[in-house]
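Presented below is the structure to which this report refers.
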Amino acid sequence: MKKIIITCILSLLLLPSFGLSQIDKIGYSKTQVLSSVSGEPCKTDQYSIWYCDENGGLVNYGFEYNKVNSVTYMTNFSSRYQAEQDVKKEINKYKDVYGKPTMKGNEAYFFRGDLLVMISYGYTNGKHYSCWRVSKR
């Protein structure tokens, strides 16, 4: 249990800096993404590449016209409550940087130049996620 808590804390601390460093991959080709990310993808198709980490987290590169147009980070949590608390924390952190978000339900949207940052809770395959997505508008 202690290992899981430490892993979650570390992933929460590293996700924002990792996430922000991946924004520069907007516009990359699939070949460029595959050569710039360490590790093998866990799933690929015509429109996306998925990377899975050992803690259940996911990173998705979405493609349009064979170029990255979105990057999504999904941090896995053991409960909905923990994921939603992380979403609130992330929204508050970005409020301090970008100002008040546009809210659509429980999703927060921040508009930065030609980029759109979205933060929300997600549930898929029986898992709870805090989701952070940046995309080209």
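The values are calculated or read from the model by the stated rules, or taken from the named source; none is laboratory data. The structure presented is a predicted model; accordingly, all values stated were derived computationally and were not measured. Every residue, glycine as well, gets a Cβ built from its backbone with ideal geometry; the counts of neighbours run over all protein chains shown.
If I filter region 78-92 for residues that are within 15 Å of the chain's Cα centre (by Cα), in a helix (DSSP H, G or I), within 13 Å of Thr124 (Cβ to Cβ) and among the hydrophobic types (A, V, I, L, M, F, W, C), do I get at least one hit?
Looking through region 78-92, at least one residue is within 15 Å of the chain's Cα centre (by Cα), in a helix (DSSP H, G or I), within 13 Å of Thr124 (Cβ to Cβ) and among the hydrophobic types (A, V, I, L, M, F, W, C).
Within region 56-66, work out how many residues are surrounded by 13 or more Cβ atoms within 10 Å (Cβ to Cβ) and either in contact (Cβ under 8 Å) with a residue 60 or more places away in the chain or in contact with a helix residue (DSSP H, G or I) (Cβ under 7 Å, 6 or more places away or on another chain) (or both).
Of the residues in that region, 6 qualify.
Test of understanding: among Ile23, Ile49, which residue is surrounded by 11 or more Cβ atoms within 10 Å (Cβ to Cβ), modelled with pLDDT under 95, of a type in the set (Val, Ile, Thr) and not in a loop (DSSP other than H, G, I, E, B)?
Going through Ile23, Ile49 in turn, the sole match is Ile23.
In region 67-115, how many residues are within 14 Å of Lys136 (Cα to Cα) and loosely packed, with under 13 Cβ neighbours inside 10 Å?
Counting residues in region 67-115 that are within 14 Å of Lys136 (Cα to Cα) and loosely packed, with under 13 Cβ neighbours inside 10 Å gives 2.
I need the full set of residues from region 123-137 which are surrounded by fewer than 21 Cβ atoms within 10 Å (Cβ to Cβ) and more than 11 Å from the chain's Cα centre (by Cα), in order please.
Listed by number, the residues that qualify are Tyr123, Thr124, Asn125, Gly126, Lys127, Lys136, Arg137.
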